[in-house]
Amino acid sequence: MSDALEHLIDWRYWRDGDVVRVLDLARRVKHRRGAYQGHMQGHSLVMLFQKTSTRTRVSFEAGMTELGGHAINLDWRATNFTLTKISYETRYLSRNAALIMARLKSNEALLEMVEAATVPVINGCCNLYHPCQALADMLTIAEDRGTTRGAKLTYIGAYNNVVNSLVSISAPLGVHLTLVCPIREQAAIDESSRQRLLQLGQLSETLDVKAAAASADYVYTDTWLDMEFFGDPAFADEKQRRTALMAPYQINAQLMAGSNAKIMHDMPIHPGYEIAEELVECDASIIYDQAENRLDAQKAIILHLHRKLI
Ligand code: CP
């Protein structure tokens with residue numbers, strides 16, 4: 001391990017071996033919860049949210065409590081981040097907290113924070129990446145089949161921040177990813193991670209949704225429109241356009257007929273849009289396992305990053 005301060009912006013910036021190690025740590029943390037109880041005693045995590053959250057907020061706070069530390073929740077709108085430069089406020093936070101977890105709207109703002117921070121920064125989801133979700137997804141697959149290696153994961157939906165992190169984490173963990181993404185905006189795609197997975201022979205891209213579902217071990221979907229805009233009247237036309245375009249790609253009983261794949265979704269769920277309501281709670285659904293696994297995945301991330309400083 002290097003002594004340099006490390007952050008989690010996305011898995012693409014981590015060495016492959018560290019990605020493998022942090023997943024192994026997440027599995028150990030989950031199965032031996034008692035063994036890690038005091039590891040963050042006396043330390044605080046600052047959680048900064050510029051966007052809404054249920055799972056990220058709850059799992060990071062519960063995780064710090066279980067590790068014996070403390071989590072401080074900051075709603076961006078109630079802080080002085082609204083009044084000044086991100087760098088100044090971040091340098092202050094670094095004087096009081098052992099780690100910072102930030103859910104910021106833009107990757108650019110996150111990088112500004114990383115540049116100023118003197119403690120590790122964890123990306124709690126920006127416009128380009130959602131690395132904590134991707135590790136929880138890999139933990140779920142590893143628990144389900146014993147290993148991520150050789151797993152066939154089909155993602156059906158818009159090419160978004162979740163996809164970029166699934167692409168980057170799939171490379172070191174040996175997952176074969178099939179993307180069925182009728183919505184692909186070039187600015188939203190991390191082309192470097194995509195090219196790497198293509199070169200490794202671990203990425204397929206198709207619009208044949210039926211075949212992609214039939215051949216998968218796991219079928220994964222996500223919101224068709226960024227959650228930030230889902231209920232925003234200003235995006236009503238775009239929501240309507242995307243809904244019409246994506247309707248044939250909904251995860252439903254008809255699509256899944258003849259497939260043995262388990263069903264994944266990172267939540268929050270929009271029933272009747274990307275997934276039919278009856279599939280959320282069906283026998284093949286591992287959606288709540290995924291959500292639960294945010295806790296142990298993030299505890300592993302916290303321990304991995306913090307250990308480099310102690
Ligand atoms: N999946 C996820 O990040 O959930 P929240 O937006 O509720 O945190």
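Descriptive notes on the structure:
- The phi torsions of segment 45-50, fed into the Karplus equation with coefficients 6.51, -1.76 and 1.60 and a -60° offset, translate into couplings of 10, 8, 10, 10, 10, 9 Hz, rounded to whole numbers, with Gly and Pro shown as x.
- Among 81, 107, 127 the positive-end extreme of the charge dipole of segment 78-132 (Cβ point charges): 81
- Taking a Cβ cut-off of under 12 Å around residue 109, the surrounding Lys, Arg, Asp and Glu residues balance to a net charge of 0, with basic ones at +1 and acidic ones at -1.
- Share of pairwise Cα separations in the chain, more than 32 Å, in percent: 25
- 20 °C / 1.002 mPa s Stokes-Einstein diffusion coefficient of segment 1-78, Kirkwood radius on C-alpha pairs, µm²/s: 149
- What the phi angles of segment 280-286 give under the Karplus curve with 6.51, -1.76 and 1.60, with θ = phi - 60°, is a coupling list of 4, 9, 6, 4, 7, 6, 10 Hz, glycine and proline written as x.
- Relative protection proxy for 55-65, 104-114, 295-305, from highest mean packing down: 295-305, 55-65, 104-114 (other beta-carbon atoms within 10 angstrom).
- Taking the Cα centre of segment 200-303 as origin and assigning +1 to Lys and Arg Cβ atoms and -1 to Asp and Glu Cβ atoms, the resulting dipole is close to 180 debye.
- Positive-end residue, segment 147-230 charge dipole about Cα centroid, Cβ charges, pick of 158, 179, 147: 147
- Across the chain, the mean sequence separation of Cα contacts (distance under 8 Å, 6 or more residues apart), normalised by length, yields a relative contact order of 20 percent.
- Only Lys, Arg (+1) and Asp, Glu (-1) charged, at Cβ; the chain dipole about Cα centre in debye: 820
- Global geometry of segment 221-310, whether rounded, prolate or oblate, following the gyration tensor of its Cα atoms and the 1.5 cut on a/c: oblate
- Order by protection proxy (mean Cβ within 10 Å, highest first), peptides 174-180, 29-35, 231-237: 174-180, 29-35, 231-237
- Note: relative contact order over segment 23-154, using C-alpha pairs below 8 Å and six or more positions apart, is 23 percent.
- Amide H contacts for residue 183 (H built 1.01 Å from N in the peptide plane; partners 5 or more residues away or on another chain; cut-off under 5 Å): 159.
- The chain, helix-only ellipticity at 222 nm - DSSP H runs n ≥ 4, -39,500 (n - 2.57), divided by all residues, nearest 500: -12500 deg cm²/dmol
- Nonlocal amide H pairs with residue 99, under 5 Å, H built at 1.01 Å: 44, 46
- Values of log10 I(q)/I(0) for segment 136-283 across q = 0.13, 0.14 Å⁻¹ run -0.55, -0.64, by the Debye formula with one identical scatterer at each alpha carbon and no solvent.
- Segment 259-310, relative contact order [Cα under 8 Å, separation at least 6], %: 38
- Derived scalar couplings ³J(HN,Hα) [segment 241-249; Karplus, 6.51 cos²θ - 1.76 cosθ + 1.60; whole Hz; x for Gly, Pro]: 4, 5, 4, 5, 5, 8, 3, x, 9
Throughout, read-outs are computed from the coordinates displayed, never taken from laboratory work. Treat the numbers as computed from the prediction; the structure is a model and nothing was measured. Here Cβ is always computed from backbone atoms with ideal geometry, including for glycine, and neighbour counts include all displayed protein chains.
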